[in-house]
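Down below is the structure, laid out as structure tokens.
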Amino acid sequence: MAAVKYGTIGIRLRGEWEAPVQYELLNLVTFDGSSYVVHTKPPVGTLPTDMNYWQVSAQGTSKATTTTPGTVMPDGITTEVKANGAMSVKTATQITPGAVKGSESINVQEDGRMDLNTEFTESDDLDNILPNEEFPIMLGKISRAIKETIRMSQITKPKSIRLDCDSFGLLDAPAGKLFIDLISKSKGYDLTNAAVSGQTLFDAWGKITSEISLPSPYDIHFINLGFNDVRRWGDVEGIASDVAARMVQLVKYLRLKNIVKHNDESIVYSGTWLEAPNIDGSILGEAKYTGTQSASATFNFTGSNLSIGTFALKEVGTNGTIEITIDGTVVKTITPSKWEGRSVYGATVLEVTGLSDSAHTCVFKKIDASANNIYFDWYGVPSDNPPTVIINGITKMLSASYTNPVFDPFVHGSAAAIADTNKVVRSNLAWNFDEKVIFIDQSDYDPDDNYLVSADSIHPNDFGHSWIADNVLKRI
């Protein structure tokens, strides 16, 4: 009798599912922790989870993933299963991975994040770092070492000093023996001798504003007021006020962090503004002015203090009223006083202090209805760490020089005028500045002493320069 083939009539175990195998009806496989049996012959490679061909025989648990729960298995490296079936985590060592925990140096946050504990107390003394030293102690020693290194670098770094203005005619004196050379050598300063022989303070403004970028790159500025600053105008009414005002303006410039001139495109002018040419003491030799009520200049700046360069006029009743608004709040209203100086225009610096150290908007406005003008030259933000400025007071000339016709037309000066100018300059500086602006009184310098004056009967000789230098060094 011929054999009859009935096909599969019972479940056939096929083990773990394999993609290349052709499975038949009632074949049973295991896959991902569960078992599946074929109910309809599937194409090769069909996963057991495809219910069109397979059905679950016994549901197990899937392997865990980072997003779904399931069965996990110890990796034998960082985790293990003990004889009693308990799973544990291995402790990390210097050379093997495992679990770690926080310590005094390592903080573990609630969310499991770890960060370095940087709390420490600075060491009282310099000391070596020892092997296996506690981290806070080590940080304390490092902090002390850094602090000491910074302190020493500040001590050993030579300070830069610039001679900005001189009336002694330094080119006529022997190099290396000038009073500024002697001061620099004694203090270890790095000197930049930028003086011009015979230069006066009235000439220095244009020179300094064109040569020195802001903030000043120098630690110290030295301004020498010589008798040339008084000799020409010494007996003319207002010379002391002129010299003092110019000195204050010059020092305030050197202490700025930045400066913006009146012709900068960032400044927005409203109303009628004109250019006033040939203004002695302005940044560009000219400035903006207006006689129109409510005319204004608006600009933005960042900082806690603000300086604005303007002018007062000599004639009575010719100064308009200025209103300064910061961020919509009026902070200053002023009508500049009659200028008492020699020149027509008196340079004036208006200041606003005590603001938040942030961005601000300033409006500089004329608010009175008169035709009197107000002037706008520049604005700037003072430096947080301004340079030291040393002003060497005016020294006297030989008595005979005040009336010597050889010096015509420079015969207006007098010892009294020099003393008066020194007094006004000193008081103005003390009123406007802190201890980083130093005035040196040279009133005791007596050029009638032949041991101090050179052969030209005007300039100091070697002994004269040494005398002046010693007097400066006593103060700094």
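Taken together, the values in this text are just the output of simple stated rules run on the coordinates, not laboratory data. Small disclaimer: the values here were computed from a predicted structure and weren't measured. We place every Cβ from the backbone using ideal geometry, glycine too, and count neighbours over all the protein chains shown.
Note the full-extension length gain between residue 109 and residue 44 as 0.36 nm times their separation in residues minus their Cα-Cα distance, in nm to one decimal. Present the calculation step by step, with values, prior to reporting the outcome.
On the way: separation 65, 0.36 × 65 = 23.40 nm, distance 5.17 nm.
Length difference between fully extended and current span is 18.2 nm.
Which lysines have a Cα lying under 19 Å from the Cα of residue 177, excluding residues fewer than 8 positions away in the same chain?
Filter leaves 185, 187, 474.
Quick check: pseudo-label points 7 Å beyond the Cα along Cα→Cβ at residue 96 and residue 274, how many nm apart are they?
A separation of 9.4 nm, rounded to one decimal place.
Packing-wise, with mean Cβ within 10 Å as the measure, how do 376-385, 438-447, 76-85 rank, highest first?
Details: 376-385: 20.0, 438-447: 17.1, 76-85: 9.8.
Going by the mean number of other Cβ atoms within 10 Å, highest first, we get 376-385, 438-447, 76-85.
In nm, to one decimal, how far is the residue 59 label point from the residue 335 one, both placed 7 Å along Cα→Cβ?
9.6 nm
Lysines within cross-link reach of residue 90: Cα-Cα under 27 Å, excluding same-chain residues under 8 positions apart?
Those lysines meeting the cut-off are 63, 82, 101.
Mind listing the long-range amide H neighbours of residue 437? Cut-off is under 5 Å, sequence gap 5 or more, other chains count too, H placed in the peptide plane at 1.01 Å from N.
Those qualifying (amide H under 5 Å, at least 5 residues apart or on another chain) are 389.
For the pair residue 211 and residue 327, what calculated FRET efficiency results from E = 1/(1 + (r/R0)^6), where r is the Cβ-Cβ distance and R0 = 30 Å, to the nearest 0.05? Before the final figure, lay out the partial values.
On the way: r = 35 Å, r/R0 = 1.16.
The calculated FRET efficiency here is 0.30.
Please compute the length gained on full extension between residue 263 and residue 68, using 0.36 nm multiplied by the number of residues separating them and subtracting their Cα-Cα distance.
63.3 nm
Straight-line reach from residue 261: which lysines have Cα under 28 Å away, leaving out those fewer than 8 places along the same chain?
Hits, sequence-local ones excluded: 207, 252, 288, 314, 332, 338, 365, 366, 436.
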